[in-house]
């Protein structure tokens with residue numbers, strides 16, 4: 001019989017509860033900061049003097065810094081401790097948020113957004129590493145992954161709501177200031193929630209960090225710019241070519257360096273490659289579908305930005321319930337591979353269903369049922385593939401693995417959104433917005449179907 005007193009049990013439970021809250025808050029804010037600026041962009045353009053072409057970089061600067069620095073952020077978490085990098089990331093995000101709200105011209109605004117993205121690139125892999133060090137080996141681990149995963153869609157939907165409310169009633173700077181109290185609270189609570197993190201010995205592969213980070217940043221830069229400039233334009237081809245060349249140099253460096261940023265053998269770890277491929281395809285299907293669904297609600301069905309955000313609530317609610325309640329129970333019974341495969345299949349079915357939405361249709365008939373099917377697919381596939389990627393890596397390299405899986409998802413999202421934006425623009429220019437959105441939904445269905453085919457080939461998992 002256990003001799004642990006209720007007081008001691010509560011003392012052990014409370015820090016884990018606090019730790020999970022901070023980890024979920026990190027995922028919530030990182031995703032919220034990508035979506036909260038949408039409604040505020042017209043006011044920012046007027047007040048700061050943005051040109052139409054430059055305005056998109058309020059979004060792109062964050063995404064490029066975030067995606068380009070994730071791998072380095074994971075390595076820093078391994079070398080210097082996940083808690084220290086988690087704290088450093090929040091300091092950067094806090095500073096960037098304040099600077100973005102106070103910015104008086106486009107250059108400062110874009111720079112501040114890049115600082116926010118750099119902070120997010122430190123926070124995201126450190127948060128996943130802290131999740132593993134706090135809950136690894138416990139029965140609470142599946143629930144912790146589920147809560148972490150559910151925080152992302154909540155952050156995306158909350159960003160749409162908050163962006164509209166804050167811009168209308170307080171002004172656009174508050175879409176950045178809203179992060180400040182959250183960051184301050186997390187900085188105060190982090191020492192209480194997490195003990196000192198283990199560190200691995202070694203040095204930073206500076207050359208690898210420069211080539212890998214610059215290569216990813218330029219590649220993502222080219223991808224997000226392509227729909228605006230055109231895939232055949234020199235403004236797309238030049239950075240893409242340089243980015244790919246730097247990534248090749250990065251791979252060569254990792255094969256030769258004594259202490260590489262990303263150990264090549266790590267990619268041969270059983271299941272890790274397959275789980276990262278699943279995250280890449282999941283980002284490439286889900287984010288474009290979510291993006292074009294929002295546009296369909298506003299441009300085709302005539303919903304306001306606030307009403308469009310409200311229309312996404314049922315999807316978000318289903319994802320939260322699916323990730324935290326349904327998926328863990330089904331995964332325990334069926335195993336991870338069936339969950340990932342079924343999840344991709346449902347996401348493909350939901351996206352394909354959306355592609356048949358009528359231009360003069362209704363939300364309840366043409367959008368809601370299909371969106372719920374897609375949301376169920378996301379709930380089933382996301383957490384099992386994410387947890388497999390993190391759990392497959394050696395403990396000493398969990399930070400790099402966390403950075404790698406985050407990079408896979410972000411790069412997949414950027415690539416999928418860029419390609420399907422080009423498809424949508426091409427079809428929409430010839431046949432109208434509704435046809436363009438239908439083509440984008442069909443493209444997302446193809447990506448998700450590829451995930452359903454790839455999962456059985458790359459994730460041969462036990463329960």
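Where a number appears in this text, it was derived from the coordinates with a stated rule and is not lab data. Note that the coordinates shown come from a computational prediction; the quantities given were computed from them, not determined experimentally. As a convention, Cβ positions derive from the backbone with ideal geometry for all residues, glycine included, and neighbour counts pool all protein chains shown.
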- Item | Efficiency of FRET from Cβ geometry, residue 395 and residue 362, R₀ 51 Å, rounded to 0.05 | 0.50
- Of all C-alpha pairs within segment 298-390, those more than 16 angstrom apart amount in percent to 57
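On a full-extension model of 0.36 nm per residue, what is the gain between residue 298 and residue 199, subtracting their alpha-carbon distance, rounded to one decimal in nm? All intermediate terms of the calculation are to be shown ahead of the outcome.
Working: separation 99, 0.36 × 99 = 35.64 nm, distance 4.84 nm.
Taking 0.36 nm per residue and subtracting the Cα distance, the gain is 30.8 nm.
Largest first and in whole Å, give the semi-axes of segment 114-172's equivalent ellipsoid, each being the square root of 5 times a Cα gyration tensor eigenvalue. It would help to have the intermediate numbers written out before the result.
Numbers: eigenvalues 180, 50, 9 Å².
Working through the eigenvalues yields semi-axes of 30, 16, 7 Å.
Hey, what D do you get for the chain in µm²/s if you plug the Kirkwood alpha-carbon radius into Stokes-Einstein at 25 °C and 0.890 mPa s?
Numbers: Rh = 22.3 Å.
It comes out at roughly 110 µm²/s.
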- Note on the structure: Percent relative contact order for segment 130-258, counting Cα pairs under 8 Å at least six residues apart, stands at 19
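From the gyration tensor of the Cα coordinates in segment 265-463, what semi-axes in whole Å does the equivalent ellipsoid have, largest first, with each one equal to sqrt(5λ)? Please report the intermediate quantities before stating the final value.
On the way: eigenvalues 190, 63, 37 Å².
Semi-axes (√(5λ), whole Å): 31, 18, 14.
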- Query: Please report, for the Cα atoms of segment 1-202, the Rg to one decimal and the Dmax as a whole number; what are they, in angstrom?
  - Reply: 18.3, 70
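At 4 °C and a viscosity of 1.567 mPa s, what translational diffusion coefficient does Stokes-Einstein give for segment 27-97, taking Rh as the Kirkwood radius over Cα pairs? Give it in µm²/s as a whole number.
Details: Rh = 13.8 Å.
The calculation lands on 94 µm²/s.
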- Distance (nanometres) between label positions extended 7 Å along Cα→Cβ at residue 268 and residue 237: 3.8
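Report D for segment 205-260 in µm² per second (integer): Stokes-Einstein, Kirkwood Rh on Cα pairs, 37 °C, 0.692 mPa s. Write down the numbers at each step before the final one.
Numbers: Rh = 11.5 Å.
Result for D is 286 µm²/s.
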- Message: Using only the Cα atoms of segment 68-188, what are the Rg and Dmax in Å?
- Response: 15.7, 51
